[in-house]
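Okay, so here's the structure we're looking at.
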Amino acid sequence: MQPINPNKAGLALGALLGGWHFLWALLVAVGWAQPLIDFIFWLHFIKPVYVIGTFNAGTALLLIVITFSIGYGMGFIFGALWNRIHR
């Protein structure tokens, strides 16, 4: 088994989660989030009850930073555990 660089694994997962939430914040900013979430709920036979709030740049930045950090931590831990288990 090839070792995994924990830092690169963390950056990859952090970028994935942070990027996903960046796209969500962008959808909120342009006003497309509510129709999208309503459609997704409808597809899953769920009556939409949630209302998307107004865009706030500070909140969006916090969302992206926190999800990136969580993703980085999870990826780093996964990489370190993988290397430890597969020595």
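So here's what we get for this one:
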{"quantity": "Nearest-0.05 FRET efficiency for Q2 and F39, computed from C-beta distance (R0 30 Å)", "calculated": "0.15"}
{"quantity": "Calculated [θ] (222 nm, deg cm²/dmol) that DSSP helices of n ≥ 4 give over the chain, each run adding -39,500 (n - 2.57)", "calculated": "-26000 deg cm²/dmol"}
{"quantity": "Loop chymotrypsin sites (Phe, Trp or Tyr not before Pro), the range 1-72, which have at most 14 other Cβ atoms in a 10 Å radius of their Cβ (DSSP)", "calculated": "W32, F45, Y50"}
{"quantity": "Exposure proxy order (Cβ contacts within 10 Å, fewest to most) of H86, H44", "calculated": "H44, H86"}
{"quantity": "Using alpha-carbon coordinates, inclination of helix 57-85 to the longest axis of the chain, degrees", "calculated": "30 degrees"}
{"quantity": "For the range 6-85, alpha-carbon Rg relative to the globular expectation (2.2 N^0.38 Å, N residues)", "calculated": "1.37"}
{"quantity": "Tilt relative to the chain, helix 33-43 - C-alpha long axis, 0 to 90 degrees, to 10", "calculated": "80 degrees"}
{"quantity": "Separation of the W20 and A57 label points, Cα + 7 Å toward Cβ, nm", "calculated": "2.7 nm"}
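Values quoted throughout were computed directly from the atomic coordinates according to the rules given, and no laboratory measurement underlies them. Values in this document were obtained by computation on a predicted structure and should not be read as measured data. Counting neighbours? That spans all protein chains shown, and the Cβs are built from the backbone with ideal geometry, glycine included.
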